[in-house]
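The values are calculated or read from the model by the stated rules, or taken from the named source; none is laboratory data. Please read these numbers as outputs of a predicted model, since none were measured by experiment. Please note: Cβ atoms are built from the backbone with ideal geometry, for glycine as well, and neighbour counts cover all protein chains shown.
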Ligand SMILES: Cc1ncc(COP(=O)(O)O)c(C=O)c1O
């Protein structure tokens, strides 16, 4: 039977609270402490020599903050437990995680395949930066596994995908992707930021490396930037070795905030799944809305894939307002609860018009060519009462009726 990411969900809420924790803490504290230190000390030269020979009793002992930190390490263990992977690493941001992982896996002469709906900075890194170091790439239509397989050549070493994607919430058949790539000895890297490990665990579907912008759902409070790479020990250790060099490490205080946020991840995501579905259904039947992208809707083109590999469908909805940019602006400006901001996945409901923010540097025709309608609105529902989020959306809809 195909692996099922829906299977091990019952324990997720518990793992999000306790996964990887050590029970013995300084001062018998219940909560994880913040080891806010840049360096570590040695009692005497013999202590240092024992450490350098790898004979220290504490396997997690470090000499310097760029190589490790106990606060960061405990949160990393919890992330690995939640993702169902051997190991996980925290980074200073999602982009720190993605760029370090790609640099660790690739070398000059290699080729990468990625989907066109990947986060634009990920695409930019591959198209504008990796090419400078002799790494070639092919971009194929999101979710088109046949096109992906056709693009794989003898030099292809990595396939990069997201699921769901931003802003169209395309869902990629991750088991199919992993199987197709594995058969051709191509590694897979999936950005599962929008899914969260509560809704989908790509590693259980055969994906090699899972990355997250922990800035979003994992930390969940719109107050910290962080990133994650999770996967098997042999790949994670390659990425860790490069993190030691590039230094995109997560500060201990930021890691603590991620760990604290994760304790409520399962509760938050359950509420966000529920609210988003209610709001998406309402938007879908409103005459002022031309189109709604939400993987939980039967009308979404990837609904069948989403149902197969996701528990819930996430907290982000994208919709096109009839009347283009002026109508989208009017709807957004009438909202009182939803704040205008580019991020997503946190406790606060956020709203944005991609044509005015993430894709503002493009001309309307260029935006149209990549499917960014002038009237497109992206809504990230928070954990406020579902009725209040819905009422806010109704306020926006009333403004354009
Ligand atoms: C899907 C996805 N991946 C990666 C990133 C980058 O993460 P960060 O902003 O934490 O660097 C983002 C940011 O919006 C994102 O949406």
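Here are a few things to note about the model shown:
- Just one of the listed residues (239, 245, 269) is under 23 Å from residue 208 (Cα atoms), touching a helix residue (DSSP H, G or I) at 6+ places or on another chain (Cβ under 7 Å) and modelled with pLDDT of 95 or more, and it is 239.
- Matching residues, the stretch 95-105, being away from the ligand (no atom under 12 Å from the Cβ) and either farther than 18 Å from residue 248 by Cα or in contact with a strand residue (DSSP E or B) (Cβ under 8 Å, 6 or more places away or on another chain) (or both): 102, 105
- Cβ-Cβ under 7 Å pairs, at least 6 apart or on other chains, the stretch 210-237 side closer than 25 Å to residue 187 by Cα and assigned by TED's automatic domain parsing to the domain that holds residue 342, far side part of a loop (DSSP other than H, G, I, E, B) and more than 7 Å from the ligand (Cβ to nearest atom): none
Per-residue answers, yes or no, for (1) away from the ligand (no atom under 16 Å from the Cβ); (2) assigned by TED's automatic domain parsing to the domain that holds residue 304; (3) touching a residue at least 24 places away in the same chain (Cβ under 8 Å):
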{"site": "107", "(1), (2), (3)": "yes, no, yes"}
{"site": "110", "(1), (2), (3)": "yes, no, yes"}
{"site": "115", "(1), (2), (3)": "no, no, yes"}
{"site": "118", "(1), (2), (3)": "no, no, yes"}
{"site": "124", "(1), (2), (3)": "no, no, no"}
{"site": "136", "(1), (2), (3)": "yes, no, yes"}
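- Count of the stretch 333-347 residues which are under 18 Å from the mean Cα position of the chain (by Cα) and either surrounded by 17 or more Cβ atoms within 10 Å (Cβ to Cβ) or more than 16 Å from the ligand (Cβ to nearest atom) (or both): 4
- Some residue of the stretch 255-269 being more than 24 Å from residue 343 (Cα to Cα) and in contact with a strand residue (DSSP E or B) (Cβ under 7 Å, 6 or more places away or on another chain): no
- Among the candidates 130, 218, 177, 148, the residue that is within 13 Å of the ligand (Cβ to nearest atom), in contact with a strand residue (DSSP E or B) (Cβ under 8 Å, 6 or more places away or on another chain) and either more than 26 Å from residue 276 (Cα to Cα) or modelled with pLDDT of 95 or more (or both) is uniquely 218.
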